[in-house]
Amino acid sequence: MFENIRISFQGIWAHKLRALLTMLGIIIGIAAIISIVSTIQGTNETIKKNLIGSGTNTVTVRLTESGDYDFEPEYSGIPKGVPVYNDDMREQLAEIPDVKCASLYLQRSGISYVYYDTTALQGGKLIGADKYYLNACGYVINRGRCFTDADYEKYHKVAILDMIAANSLFSNKDPIGKTIEIKGEPFIVVGIIEESSTFEPTINSVEDYYEYAYDQSNSSGAVIIPDVDWCMVAAYDEPYNAKLLAASTDDMKNVGKKAQEIMNEAVTNKEIKYSAKDISETAENTEKLSAATNKQLIWIASISLLVGGIGVMNIMLVSVTERTREIGLKKAIGARKNRILAQFLTEAALLTSLGGVIGTIAGIAMAEIISKISEVPVAISIPAVIIAILFSMLIGIVFGFIPAVQAANLDPIVALRHE
């Protein structure tokens, strides 16, 4: 084996330019595949990092119209055929496998009727939360206190603000103990919350911004009140939405699917349904779209490998012709067919393996250049590098087999007479 490798290196070195041109198709194909795979891997790693880093694994189940748009009772009224769920529903949701916490809540978006003195909170959210809401969303108290059982039992008009709402309404003042007005009703601020994770998503494009940053932030802040006080500001009962804290990122999709099935069982309105929304589903769709597109690119790049393999076969046939007398001499002094076959297969495999190594280095360099120019994240996949080199070696063996067989089957007398 080592003798065959030594002879193969000598043959390649003796015809350096020819060997380089022969390897060119392999180099281009492997480089293209490595750069594409690295880009896919980098994008997927960024998505996973954003999902895991976002910390709370929270799934939202909201009423939607036609499956796409959040249903807003303030503008559309109370929907027919949608029940107003109570704590029994929350308990059913909490019993879903892989759910750590479940909450029912009410919401108004784009509000403009929360005031402190003459300062209004523009475009924020008003949340009517049950006792489990903060835990399900992954919020922690920054200042003040959480809602207590007494707040719910005695209908205390209290409110909790997030950091954005607190800064918008109170600037540099301490909000705790201050009174805000919600549709003219006074509520005492008892706490300020923030997310338990200080994670900042990796933003590499406008799409990433809308997928992660926009979805994970309340750009104008949120005001949270006990759900028992909701009738004071909304004046009527309305359907609840749900927040569910999944045990892990991988469980979010199944948790959301099961939750929306449970909540839709009693819904008879054909236009309005509960729909689970979590960032993992968006990320999964992004990964699938990216993978489908890039598989096509990989197939296109594989054409270069096919062309490179044909080039290897061609050059090995030429090599057999050039070395016919050498083959005849070896067979005349006792070299067997399998020895001749192994020698030419080794040379073909070595030729394409060198092309694979050079192509891998070029592919990594291309991936880094693409990353710098287009700001697309890349992650070099070690398994992909190993597979690429082994695949290039396989190409040499497959396309070098016919020339090797031809060399092994030469008649030694005819070969020695060859000019």
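The values are calculated or read from the model by the stated rules, or taken from the named source; none is laboratory data. This structure is a prediction, so every number in the text was calculated from the model and none was measured. We place every Cβ from the backbone using ideal geometry, glycine too, and count neighbours over all the protein chains shown. Just so you know, the surface numbers come from the protein's heavy atoms only, side chains and all, with ligands and any DNA or RNA stripped out. Shrake-Rupley method; radii C 1.70, N 1.55, O 1.52, S 1.80 Å.
Within segment 6-39, can you find the residues that are of a type in the set (Val, Ile, Thr), under 16 Å from Met316 (Cβ atoms) and modelled with pLDDT under 80?
Passing the criteria: Ile7, Ile12, Thr22.
Can you name every residue in segment 182-200 that is closer than 17 Å to Gln122 by Cα and either modelled with pLDDT of 95 or more or touching a helix residue (DSSP H, G or I) at 6+ places or on another chain (Cβ under 6 Å) (or both)?
Ile182, Lys183
Being touching a Leu at 6+ places or on another chain (Cβ under 6 Å) and within 17 Å of Leu104 (Cβ to Cβ) is the filter here; which residues of segment 245-271 pass it?
If the condition is that a residue be touching a Leu at 6+ places or on another chain (Cβ under 6 Å) and within 17 Å of Leu104 (Cβ to Cβ), then Val255, Ala259 are the ones that fit.
Give segment 83-128 a look and list any residue that's in a strand (DSSP E or B), open to solvent by 10 Å² or more (accessible area, probe 1.4 Å) and among the β-branched types (Val, Ile, Thr), or say none.
The answer is Val99, Thr119.
Being among the aliphatic types (A, V, I, L, M) and at pLDDT 90 or above is true for just one of Val206, Val233, Val223. Which residue is that?
Step by step, each of Val206, Val233, Val223 is checked, and only Val223 is among the aliphatic types (A, V, I, L, M) and at pLDDT 90 or above.
Filter segment 133-161 for residues that are touching a strand residue (DSSP E or B) at 6+ places or on another chain (Cβ under 7 Å) and part of a helix (DSSP H, G or I); which is surrounded by the fewest Cβ atoms within 10 Å (Cβ to Cβ)?
The residue in question is Tyr152.
Pick out the one residue from Glu74, Glu45 that is at pLDDT below 70 and either assigned to a strand (DSSP E or B) or under 21 Å from Leu126 (Cα atoms) (or both).
One residue alone meets the criteria, Glu74.
For segment 241-269: of the residues being farther than 13 Å from Pro97 by Cβ, part of a loop (DSSP other than H, G, I, E, B) and touching a residue at least 60 places away in the same chain (Cβ under 8 Å), which is least open to solvent (accessible area, probe 1.4 Å)?
Val267
Return only the number of the condition from (1) in contact with a Lys or Arg (Cβ under 7 Å, 6 or more places away or on another chain); (2) open to solvent by 20 Å² or more (accessible area, probe 1.4 Å); (3) of a type in the set (A, V, I, L, M) that Ile164 does not satisfy.
In the conditions (1) in contact with a Lys or Arg (Cβ under 7 Å, 6 or more places away or on another chain); (2) open to solvent by 20 Å² or more (accessible area, probe 1.4 Å); (3) of a type in the set (A, V, I, L, M), Ile164 misses (1) alone.
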